[in-house]
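S.K.: Quick one: structure below, then a few questions.
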Amino acid sequence: RVITYYYYYYYYSLKFDICQISNVICANVLVPGPCDPEDLLDGVIFGAKYLGSTQIKSERNPSTNARMAQAQEAVDRIKAPEGESQPMTEVDLFISTQRIKVLTTDTQEAMMDHALQMISYIADIDNIVVLMARRKRKGQDGDTDSNSSSSSAKKCLMICHVFSSEDAQIIAQAIGQAFGVAYQQFLQANGIKASDLRPGEYSDYLESQELYNGDLAHFSDSQNLREVIMTKAPGEILGLAVVESGWGSILPTVVVANLLHGGPAERCGELSIGDRIMSINGTSLVGLPITTCQNIIRLRRKKYVRLSIVHCPPVTMAIIRRPDPKFQLGFSVEDGIICSLMRGGIAERGGIRVGHRIIEINGQSVVATPHDKIIQILTNAVGEIHLKTMPASTYRLLTGQEQPVFL
């Protein structure tokens, strides 16, 4: 079966920053699609049959193939096998530039109501539509997996609604068009002319940019490379908690996030929060999943444990060069945490990492700054933008929001 699959970013609130398909949209001011763009401002309605909903736990930045598999999994969970009776309810799907609603056909009461920015993916599989929306977090995710103190940062919950309709592909296209019209509204609200963003201009600018990565110089300095020897008693844990360095890091390995008071790691006096662990007793940890790294650390039963580390500060500096607000930053922020990054964009070139919490923007602390204010600062920032970040898991451990899992 052919699966038409759509992967959306939310533009106009900068929940997700302006990304690469802006050139396509800007070249077509009248956003193409099955609906009149003006109708999408008020909302359009499609008839459908609601089959059910299911919840899926997902990585925060999955691949397209992973999302396609999740859409198919949602269908497999809900759709009755061939030959069996399929429970279903006649509904109206309301689609606008603000919200997606599932309404009862008779009273038009909202059964489900999602703000457009919460819609992450939509797939049409034959005559089936799968609408996938992120569950809005209240504080933490509530993931209590003891294997990793960063598990709640990596996982998010998706609510998947499954519908049947002869117009499945048109419905999916209409939602895509709603995002396009919303993006046009964003441009108008910020005084940006679509004609100002000529196709290829952003790519031309990227090609002229130098790659900034403070890590490269830091890791190349032999003074930051160290061998640490720890002595421990039989059965004693090393007494350190680790988190991931974050996607976008030039050295993908685990980072020391906390030290157990009185434990071997603290007693040796040579480890600090922020240090990257390259290897343990000769076994490299670079490029391995965090659970694998944790298991390797747990299995070190010898009296003497040798770590090869790169001494790093807990806070990382990124420098983004943005000459004009019309150029997209190329990363998304949710509750102060960087949750996605556009490959090859100015943010990646500047050293931004997924999974990091923004601590400062141009010397101004944003630790206690509301999300909307952070977005406003980033929206208006031009020139050389200096951001200090640290792994979100480390931040939660240091501020007592999570309890460390010592290894």
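S.K.: Mind listing whichever residues of region 102-117 are without any contact (Cβ under 8 Å) to a residue 40 or more places away in the chain and either touching a Phe, Trp or Tyr at 6+ places or on another chain (Cβ under 6 Å) or at positive phi (or both)?
M.R.: The answer is Q108, and nothing else.
S.K.: Consider R134 against the criteria (1) surrounded by 17 or more Cβ atoms within 10 Å (Cβ to Cβ); (2) farther than 30 Å from I290 by Cα; (3) modelled with pLDDT of 75 or more: it satisfies all of them except one. Which criterion is unmet?
M.R.: (2)
S.K.: I've got another one for you. Out of (1) at pLDDT 90 or above; (2) outside any helix (DSSP H, G or I); (3) within 17 Å of S58 (Cβ to Cβ), the odd one out for D143 is which?
M.R.: (1)
S.K.: Determine which member of the set I309, I320 is of a type in the set (A, V, I, L, M) and touching an Asp or Glu at 6+ places or on another chain (Cβ under 6 Å).
M.R.: The match here is I309.
S.K.: Kindly list, by first and then second residue, each pair from a residue in region 334-355 that is among the polar types (S, T, N, Q) to a residue that is buried (at least 20 other Cβ atoms within 10 Å of the Cβ), limited to pairs with Cβ atoms under 6 Å and residues at least 6 apart or on different chains.
M.R.: Every condition considered, the pairs that remain are S340/S332.
S.K.: From the list I78, I21, I56, pick out the single residue that is modelled with pLDDT under 65 and β-branched (V, I, T).
M.R.: Step by step, each of I78, I21, I56 is checked, and only I21 is modelled with pLDDT under 65 and β-branched (V, I, T).
S.K.: Would you say L285 is of a type outside the set (K, R) and more than 21 Å from L225 (Cβ to Cβ)?
M.R.: So L285 does not fit the description; no.
S.K.: I'm trying to understand the selection: among the residues of region 84-99, which are more than 15 Å from G47 (Cα to Cα) and of a type in the set (D, E)?
M.R.: Residue satisfying the conditions is E84 alone.
S.K.: Here's another thing I want to ask about it. Within region 348-407, track down each residue that is on the phi < 0 side of the Ramachandran plot and small (G, A, S).
M.R.: Result: G350, S365, A368, A381, A392, S393.
S.K.: When you look at D42, is it modelled with pLDDT of 85 or more, acidic (D, E) and closer than 17 Å to Q169 by Cα, yes or no?
M.R.: For D42, the condition - modelled with pLDDT of 85 or more, acidic (D, E) and closer than 17 Å to Q169 by Cα - is not met.
S.K.: For residues that are in contact with a strand residue (DSSP E or B) (Cβ under 6 Å, 6 or more places away or on another chain) and not in a strand (DSSP E or B), scanning just region 32-48, find the one that is nearest to T97 (Cα to Cα).
M.R.: G43
S.K.: Turning to a different aspect of this structure: Among the helices (runs of 4 or more DSSP H) lying completely within region 207-304, list those that include at least 2 residues that are within 32 Å of the chain's Cα centre (by Cα) and at pLDDT 85 or above.
M.R.: 290-298
S.K.: Something else about it: Run down T97, T54 and say which single residue is among the β-branched types (V, I, T), in a strand (DSSP E or B) and touching a helix residue (DSSP H, G or I) at 6+ places or on another chain (Cβ under 6 Å).
M.R.: Exactly one residue qualifies, and that residue is T54.
S.K.: Another question, then. Residue by residue through region 379-397, note down the ones that are crowded, with 16+ Cβ neighbours inside 10 Å and hydrophobic (A, V, I, L, M, F, W, C).
M.R.: Selection gives A381, I385, L387, M390, A392, L397.
S.K.: D372 passes all but one of (1) more than 17 Å from R276 (Cβ to Cβ); (2) touching a strand residue (DSSP E or B) at 6+ places or on another chain (Cβ under 7 Å); (3) of a type in the set (D, E, K, R); (4) outside the structural domain of Q223 (by TED's automatic domain parsing); which number fails?
M.R.: (2)
S.K.: Between a first residue in region 294-314 that is touching a residue at least 60 places away in the same chain (Cβ under 8 Å) and closer than 15 Å to E244 by Cα and a second residue that is in a helix (DSSP H, G or I) and of a type in the set (A, V, I, L, M, F, W, C), which pairs have beta carbons less than 9 Å apart while being 6 or more apart in sequence or on different chains?
M.R.: If the second residue must be in a helix (DSSP H, G or I) and of a type in the set (A, V, I, L, M, F, W, C), the pairs left are V310/F219; C312/F219; P314/L398.
S.K.: Suppose the filter is touching a Lys or Arg at 6+ places or on another chain (Cβ under 6 Å) and under 30 Å from E266 (Cα atoms); does E384 pass it?
M.R.: In short, no.
S.K.: Condition first: of a type in the set (S, T, N, Q) and farther than 24 Å from G176 by Cβ. Can you find one or more residues in region 57-80 that meet it?
M.R.: No, because not a single residue in region 57-80 is of a type in the set (S, T, N, Q) and farther than 24 Å from G176 by Cβ.
S.K.: Quick one: I359 ticks every box in (1) farther than 28 Å from H261 by Cα; (2) surrounded by fewer than 23 Cβ atoms within 10 Å (Cβ to Cβ) except a single one, so which number is it?
M.R.: Of the numbered conditions (1) farther than 28 Å from H261 by Cα; (2) surrounded by fewer than 23 Cβ atoms within 10 Å (Cβ to Cβ), the odd one out for I359 is (1).
S.K.: Mind listing just one residue for me: the one in region 342-368 that is more than 16 Å from I385 (Cα to Cα) and of a type in the set (A, V, I, L, M) and, of those, modelled with the lowest pLDDT?
M.R.: Checking each candidate, the answer is M342.
S.K.: For the condition in the same structural domain as R135 (by TED's automatic domain parsing) and either in a strand (DSSP E or B) or touching a residue at least 40 places away in the same chain (Cβ under 8 Å) (or both), what is the one hit in S120, S85?
M.R.: S120
S.K.: Hey, can you tell me all the residues within region 268-285 that are farther than 23 Å from A233 by Cβ and free of Cβ contacts under 8 Å to residues at least 12 places away in the same chain?
M.R.: Once the filter is applied, which keeps residues that are farther than 23 Å from A233 by Cβ and free of Cβ contacts under 8 Å to residues at least 12 places away in the same chain, region 268-285 yields only S284.
S.K.: All but one of (1) touching a residue at least 60 places away in the same chain (Cβ under 8 Å); (2) in contact with a Phe, Trp or Tyr (Cβ under 8 Å, 6 or more places away or on another chain) hold for P325; state the number of the condition that does not hold.
M.R.: Every condition holds for P325 apart from (2).
The values are calculated or read from the model by the stated rules, or taken from the named source; none is laboratory data. The structure presented is a predicted model; accordingly, all values stated were derived computationally and were not measured. Reconstructed Cβ throughout: ideal geometry from the backbone, glycine too, with neighbour counts over all protein chains shown.
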